[in-house]
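Read-outs: derived from the displayed coordinates by stated rules, not from any lab. Being a predicted model, the structure only gives us computed values, none of them experimental. All Cβ positions, even for glycine, are placed from backbone atoms using ideal geometry, and neighbour counts span all protein chains on display.
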Amino acid sequence: MARILVQLKLRLIANALRSSTAAQTSFIFSILFAFVVGVGGFYFLSLFRGLSASVDLTTVIFCAFALGWLVAPIFAFGLDGTLDPATLALYPLRTRPLAVGLLAASAAGAWPAANVLALLGTTVGLAHGPLGVLFAVIAVVLQVLFCITLARLVTTSMAGLLHSRRGKDLAVFLFIPIFALIELLGQVIPNAAAHGGITAASFAGVDAWMRWLPPGLAAHAIQDASDGHPGTALARLALLAVVIIVLGWLWVRALNRALVTADTATGSSRLHGAGLPLARYGLRGAVAARFWIYQRRDPTSLVYWAMTAVITAVVSASTLLGDTGPHRHPGVVIGSAVVGAGFVGYFHANSIGLTGPSFVTEAAALTDRRSFRAYFSGQNIAFYVIAAPLLTAICIGLAFGVKDPAEAVSAVAVALAGVGAALGMSNILSAGLAYPMAKRTGSPMRQAAQGYGSYTFGGILGSVGGVAVLVTPVILAVAFTGSVPTAVLDPLLIVCSIAYGIALTFAGVRIAAAIAQNRLPELCQVAIQSTA
Amino acid sequence: MGDPAIAVLGLRKSFGAKEAVAGIDLEIAAGSLAGLVGPNGAGKTTSLSMMTGLLRPDAGKVLINGVDVWADPPAAKAIIGVVPADVRLFERLSGAELLEYAGRLRSMPAAEARERAAQLLDVLDLAEDAKRLVADYSTGMRKKAALGCALIHNPSVLFLDEPLEGVDPVSADVIRRLLTRYAHSGSTVLFSSHVMELVEQVCDHVSIIDKGKIVATGTTDEVRGGKTLQQAFIEMVGPRAGDEEVLSWLGSSSS
């Protein structure tokens, strides 16, 4: 059974390779990336040698790998057929050999190999002496086994949910912490480390509780063996082995149940409310109501707002953590405001592709330029009532974070003008640069359909670049009115910025309506080609 | 016979080198319940998309109650309702919100849209699920919700692409009765389907499309010519089965 399931996994990978050039490219990149992670991880862990916090850092890394194993299969649920018990439920298979086979299939592939290679870096970074190295090898094997069993238990237990609408929503929501983590690891920490804000000593003692987690047991076993306490090390590894056995037992039970349980765990809850809001305001009100509801109920919309918040904060946070002195970075919060507003525009710059095939229903109402104006301004109303307070709150928070509250007003002014500019730009791009969105296997988020990658680039460039250019007058106004008393300037600046932003939105709506009016069939085709 | 409710003249559409619709002509009288049948890839969906203003034709003309769809799209869209094959609705609205939204998009006052939505949901047997998210609806419920959206503004011509595909018999019966009642009131229905029995049972007019061309059109009795519609259809488009002799092992109950 193990051989058949490993062969199945390898065949699935090989078939993915044959399917298309894009799949081949993606596969090759995945292999290369796995290799880089394996070798890079080994090197990174080996750098901990001699550091006082080496065991703390190793524990953190072990826990991070376990977290990755826990989360990645939820994303890859539709990608790896061997993860889904429903695909095997039709065959006359006994649970125990099936479990062994699935475990073996999990261990096959480039990523598990990269995982083992990376963690073996502890043989250099943490282990000392032959006994330490021996325990390191055993600890790494047990750690990987723990990760695989944990991942299998979670995906098998959640199989019913992951097939349902709620499970798919959950996968989309998981994108938020992962995106935040990527930004933290890719932007904030390297920047802070480069400026001395974070050093290896910062991690000392962080494993006070992590050491008792299974990955922590593995890391500390290596430390104990290296320090001449093989008994303690053995006890830790034995405890880890018991955890793995318990997880394995739970997994076999879950698998047994999943093979004979219907996979439609979709629960549907009853909604409250009499109907759509904004009943008095015609087409504009109807569209605003629909978009407003979607901003609350659609996971993708919520993820976009969360990503906007993360990006806005990260622009300043990386600088804040690097240089902690007050007034060291004048204008950094304004930079955050510009980038944040730019991304508000980018995330809505393909509203028709994002709406998907149901846009065809809306298209029935889009009969002339006036109706298009109502359509675009309706969605802008929904976006504005979220974007304006969101960016205002973040800018104020960041300004206090840099200990320069005075910058809050300037940044808020730029943000409010920027939101107006962003929405106008997003309307123009939605009408003129619409492209189909597709859901790709392995990703819960929709992306530009194959062949439309350059449109995404155009969207970012148009939105962020457009906003940066259009808010320049506000930035100049801030720069050249520094001598005016704030009691006079601040309210004036905010009011003028709001008015300027709204004027830009109006201009964007008018231009977008003129473009879209003659392109409705093409826009409908973009919508139909999109995945809902 | 007066002016046709649907008149299609020389409609063509190509995708690259492939000619999906190779010049079709079609006339459907007002008050008809007409079926458009054809094998997979025959051009049914492409034709219906062009007739409803969703896909720009390369050539040809479509008139709905005398209104040229491609010369005056707003006027044409105001009098038609469409249920596409791949029903994609606003998943994060409830059934009631969805129908109300469809009504308000058609410039109906909110109160009237809400009232009609409730009535349609009741007739479509969706009243109990009116406050559930469309994302949680089954295939049959989604088809019925889409039909509700297409009917809420009381169009004079209704286009449906595979309206009963994947729909359970009870929901299918609800849809069938609603369409029959709608056509008897003088409105016109054109729907595509693979289900010959259904077309034979409910349609008074049938057109068969194959390889982008209409190969037969007329009343249901004329088209079937004394046979069942299934037989007439197979004869016109030709059988497309492989050699079944190679499956001699099948049914022997040995492994």
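State the Cα centre-to-centre distance between the stretch B:48-107 and the stretch B:180-235 in whole Å.
So the two Cα centres are separated by 23 Å.
Considering only DSSP beta bridges with both partners in chain B, what is the antiparallel share in %, to the nearest 5?
Antiparallel bridges make up about 55 percent of those DSSP assigns within chain B.
Using only the alpha-carbon atoms, how far is helix A:21-46 inclined from the longest principal axis of chain A? Give it as 0 to 90 degrees, nearest 10.
Between helix and principal axis, roughly 60 degrees.
Given a Förster distance of 22 angstrom, what is the FRET efficiency for A:L492 paired with A:A393, based on the Cβ-Cβ distance and rounded to 0.05?
The calculated FRET efficiency here is 0.50.
Using 0.36 nm per residue of separation minus the Cα-Cα distance, give me the extension gain between A:L239 and A:A14 in nm, one decimal.
Length gained, A:L239 through A:A14: 77.2 nm.
Cα to Cα, under 26 Å, and not fewer than 8 places away if on the same chain: which lysines meet these conditions relative to B:K131?
A:K168, B:K143, B:K144
Taking every DSSP beta bridge with both residues inside the protein assembly as shown, roughly what % is antiparallel (nearest 5)? It would help to have the intermediate numbers written out before the result.
Working: 26 of 44 bridges.
Antiparallel: roughly 60 percent of the beta bridges in the protein assembly as shown.
What is the distance in Å between the Cα centroid of the stretch A:464-532 and that of the stretch A:380-394?
Using only Cα atoms to place each centre, the spacing works out to 13 Å.
Relative to the first principal axis of the alpha-carbon coordinates of chain A, what is the inclination of helix A:54-75, with its axis defined by its Cα atoms, in degrees from 0 to 90 and to the nearest 10?
Around 70 degrees separate the two axes.
Helix-only estimate, please: 222 nm mean residue ellipticity of the protein assembly as shown, summing -39500 (n - 2.57) across DSSP H runs of length 4 or more and dividing by its residues, to the nearest 500.
Helix-only estimate at 222 nm: -19500 deg cm²/dmol.
Expressed as a rounded percentage, what relative contact order does chain B have, with Cα pairs under 8 Å and six or more residues apart?
Relative CO of chain B lands at 25 percent.
Return a whole-number percent for the relative contact order of the stretch A:2-258, with Cα pairs under 8 Å and 6 or more residues apart as the contact set. It would help to have the intermediate numbers written out before the result.
Numbers: 310 pairs, mean separation 78.2, N = 257.
In percent, rounded to a whole number, it is 30.
Rounding to the nearest 10 and keeping the result within 0 to 90°, find how far the Cα-based axis of helix A:299-322 lies from the longest principal axis of chain A.
80
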